[in-house]
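First comes the structure, then the notes that go with it.
The values are calculated or read from the model by the stated rules, or taken from the named source; none is laboratory data. Computed from a prediction, not measured in an experiment: that's the story for all the values here. Glycine gets a Cβ as well: all are built from the backbone with ideal geometry, and neighbour counts include every protein chain shown. Each accessible area value is taken on the protein alone, full model and side chains, heavy atoms only, with ligands, DNA and RNA left out. Shrake-Rupley method; radii C 1.70, N 1.55, O 1.52, S 1.80 Å.
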Protein chains: 2
Amino acid sequence: MQYHVDGELVPEEGATVSVRDRGFMYGDAAFETLRAYGGTVFEWAAHEARLRRTCETLGFADAVPDDLRERVRQTLDANDLADAYARLSVTRGVQPGKLTPGHEVDPTVVVIVKELPRGGRDGTRVWDRPAVVQTVKTRRAPDAAVPAAAKTHNYLTGVRARLELRQAATDDYRADEALLRTTNRYVAEGATSNVFFVDSGRLKTPSEDCDILPGVTRSVVLDLAREEEFPVEPGQYTVDDLRDADEAFLTNTTWEIRPIASVDGIEIGTGPMTKLLQRLLDERIERDHYDAHDGNSEDSE
Amino acid sequence: MQYHVDGELVPEEGATVSVRDRGFMYGDAAFETLRAYGGTVFEWAAHEARLRRTCETLGFADAVPDDLRERVRQTLDANDLADAYARLSVTRGVQPGKLTPGHEVDPTVVVIVKELPRGGRDGTRVWDRPAVVQTVKTRRAPDAAVPAAAKTHNYLTGVRARLELRQAATDDYRADEALLRTTNRYVAEGATSNVFFVDSGRLKTPSEDCDILPGVTRSVVLDLAREEEFPVEPGQYTVDDLRDADEAFLTNTTWEIRPIASVDGIEIGTGPMTKLLQRLLDERIERDHYDAHDGNSEDSE
């Protein structure tokens, strides 16, 4: 596999960053998880906009190069990948001095890719079963401490949440996703996913007041639901609200829409709204990435 | 300069980690900032213990090698450094899969060094003036979200706090250290330092309930104060308590004890207790690192 590091394609084994890169020393970096279908990145504009907002929050937006999309494309092409996972990172780079960021920023841009076949309507999904979700003790940090909307290399809250699942796993029970609450106990998000549930025909999801990272797939799903004129209610919800739901699902770029089988051992499962949204999302991906073009059209995204 | 990476001494330019190292991808790593005096590391045992506790919190303590001290020593020796700053990091290394940590851990150990002459009683301190301290909006994350006692590569809260100072700086006012509060508004710590102040002859400092990283120098200063039978009162304090103090100072490994000139523009300054503690710390460093041995004795730490 070839990766893209600091402007060059390099073999995976030689894809490195300096130990003095601030992305390594402090997690001082923005990233996006991307998914390519048929050679083009799903919702590129939304991902790029969020990446740039994260860099703005970190104070180095001006230094981010313009050709990020081209770098991702080059990396996909070099590995002959059409359906793939990609991770795009932009760090503050190496700077003199210690913690205080310097004004001069020479960012390090890294693109990692991996093949990821598309499931779609007829294929096999990335996930092998609906998600078993477990509430964890680790909380989502409040926005005042860790800006919720910034997707950075400071990802230990998610790591620790997943570690709780690993430590609690038994032969009979292994959760797939950790559910994090805000410090005031509202449902926030999964370690790598947003949460949705259906209650009496209304689609509910934690609002941006709940210290969530607003996911790109979350946003697409909200749009699809509104197009169908489903009542959509972002808000503050408790774990009990979720556990009492008629249907529930998780969203993220790699999972797309993944039904929730259970939360804390209480069964929920899929249903008509989840299934319809999955179908609408699949259709949208097919329309934008596979139909009526060669899969490499610039206009298709 | 030579650094120590993954078991080998390598030239600074070639000191790199894989872009798939979890220390880079997620800040999934522990670190310590060390200071060597006369060739030996100040309070090595305390730093090593904290590093191992951090790795325990991250769930990979068992994988941490035994020869960390030797690696630091080799790095100092290779660069012919006696008085130096060092940064020791242990990451979870490269693993298959994504966010969920795997059981098999091959950690990456990195030692970075830099010359740092000692000031001591007669020399020049590392800092060029008492600290100008400014309260920032960024808050210390609560322990439930980010374990306060773990020193990890997730250091963006400190980065953003320092960025606030940079953004607020004018020709006439430039703060040296950012003061972070807890989410419930008590004084927590500086971006890279612990805070002490003197109020009517009592030495006060935020307690470990205040989501602080309990510093090694903080601990030494508390010991020195107790040996002098000063009343020592760790507790929950407001910024007003600090601003009304008779004396105030910051501690960390590189600054040692740095008096606080002002907080939010309100003057505080040094005084007899701060000066005595500085002298006691200097004496202790001289006793442990320079007197009656060649500066390389294993027993001296």
- Query: To one decimal place, what Kirkwood hydrodynamic radius in Å is obtained for segment A:123-233 from all pairs of distinct Cα atoms?
  - Reply: 15.2 Å
- Query: What is the sum of charges around A:Cys210, taking Lys and Arg as +1, Asp and Glu as -1, for the other residues whose C-beta is under 11 Å from the C-beta of A:Cys210?
  - Reply: -2
- Message: Could you work out [θ]222 nm for chain B from helices alone, using -39500 (n - 2.57) per DSSP H run of at least four and dividing by all its residues? Round to the nearest 500 deg cm²/dmol.
- Response: -7500 deg cm²/dmol
- Query: Based on DSSP, what percent of beta bridges with both residues in chain A are antiparallel, to the nearest 5?
  - Reply: 80 percent
- Which value results when the Cα radius of gyration for segment A:154-200 is divided by 2.2 N^0.38 Å? 1.28
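How high is the FRET efficiency between A:Asp122 and A:Arg53 when r is their beta carbon distance and R₀ equals 30 Å, given to the nearest 0.05?
Once rounded, the FRET efficiency stands at 0.25.
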- Area accessible to solvent at A:Ser193, 1.4 Å probe radius, in Å²: 10 Å²
- Convex hull volume per residue in cubic angstrom - Cα atoms of segment B:1-53: 104 Å³
- Send over the semi-axes of segment A:191-275's equivalent ellipsoid, whole angstrom and largest first, taken as the square roots of 5 times the C-alpha gyration tensor eigenvalues. 17, 15, 13
- Task: At a Cα cut-off below 25 Å, give the lysines reachable from B:Lys98, other chains included and same-chain residues fewer than 8 away excluded.
- Result: A:Lys114, A:Lys137, A:Lys151, B:Lys151
- Distribution output for segment A:118-186: share of Cα-Cα pairs per 5 Å bin in percent, first bin at 0, values 3, 14, 19, 18, 16, 14, 10, 4, 1
- Send over a whole-number figure in Å² for the accessible area per residue of the protein assembly as shown, probe 1.4 Å. 40 Å²
- Message: I need the calculated FRET efficiency for the pair B:Asp264 and B:Ala45, taking r as the beta carbon distance and R₀ as 41 Å, to the nearest 0.05.
- Response: 0.65
- Task: State, to one decimal in nm and shortest first, how far the label point of B:Asp122 sits from each corresponding label point in the other identical copies (label point: 7 angstrom along Cα-to-Cβ).
- Result: 8.6
- Starting from the Cα-Cα distance between B:Asp171 and B:Lys275, subtract it from 0.36 nm times their residue separation and give me the gain in nm to one decimal. 34.4 nm
- Query: Carbon and sulfur atoms: what percent of the 1.4 Å accessible area of segment A:99-214 do they account for?
  - Reply: 42 percent
- Most mobile of A:Thr124, A:Thr91, A:Thr152 in a GNM of chain A (Cα contacts under 10 Å): A:Thr124
- Got a sec? Which residues of segment A:135-177 lose 40 Å² or more of accessible surface with every protein chain in place, vs. that chain alone, 1.4 Å probe? A:Ala144, A:Ala145, A:His153, A:Asn154, A:Leu156, A:Val159, A:Arg160, A:Arg162, A:Leu163, A:Arg166
- Which shape class applies to segment B:1-157: rounded if a/c is under 1.5, otherwise prolate when a/b exceeds b/c and oblate if not, where a ≥ b ≥ c are the square roots of the Cα gyration tensor eigenvalues? oblate
- Task: Summarise the accessible area of segment B:54-95 (1.4 Å probe, protein heavy atoms) by the percent that is carbon and sulfur.
- Result: 36 percent
- Query: With no solvent and one point per C-alpha, what does the Debye sum give as log10 I(q)/I(0) for segment B:68-146 at q = 0.18 Å⁻¹?
  - Reply: -0.97
- Binning at 10 Å from 0, report for the protein assembly as shown what percent of all alpha-carbon pair distances ends up in each bin. 3, 16, 25, 25, 17, 9, 4, 1, 0
- Message: If the elastic network links every pair of Cα atoms under 10 Å, which of A:Ala84, A:Ala61, A:Ala49 fluctuates the most in the Gaussian network model of chain A?
- Response: A:Ala49
- Task: Write down the radius of gyration of chain A and its Dmax, each obtained from C-alpha positions, in Å.
- Result: 19.5, 57
- For segment A:18-44 the residues that are at least 50 Å² less accessible with all protein chains than alone, 1.4 Å probe, are A:Val19, A:Arg20, A:Phe24, A:Met25, A:Tyr26
- Note on the structure: Residues from segment B:68-105 losing no less than 30 square angstrom of accessible surface in the full protein assembly compared with the chain alone, 1.4 angstrom probe, ligands and nucleic acids excluded, are B:Tyr85, B:Arg87, B:Lys98, B:Leu99, B:Thr100, B:Pro101, B:His103
- Task: Measure off 7 Å from each Cα along the Cα-to-Cβ vector at B:Asp291 and A:Lys114, then give the distance between these two points in nanometres to one decimal.
- Result: 5.7 nm
- Does segment B:108-148 come out rounded, prolate or oblate by the C-alpha gyration tensor, with a ≥ b ≥ c the root eigenvalues, rounded set by a/c under 1.5 and, if not, prolate when a/b is larger than b/c and oblate if not? oblate
- Message: Please compute the Kirkwood hydrodynamic radius of segment B:6-85 from all pairs of different C-alpha atoms, in Å with one decimal.
- Response: 14.0 Å
- Message: Could you report the buried accessible area between A and B, both sides summed, computed with a 1.4 Å probe and given in Å² to the nearest 100?
- Response: 4800 Å²
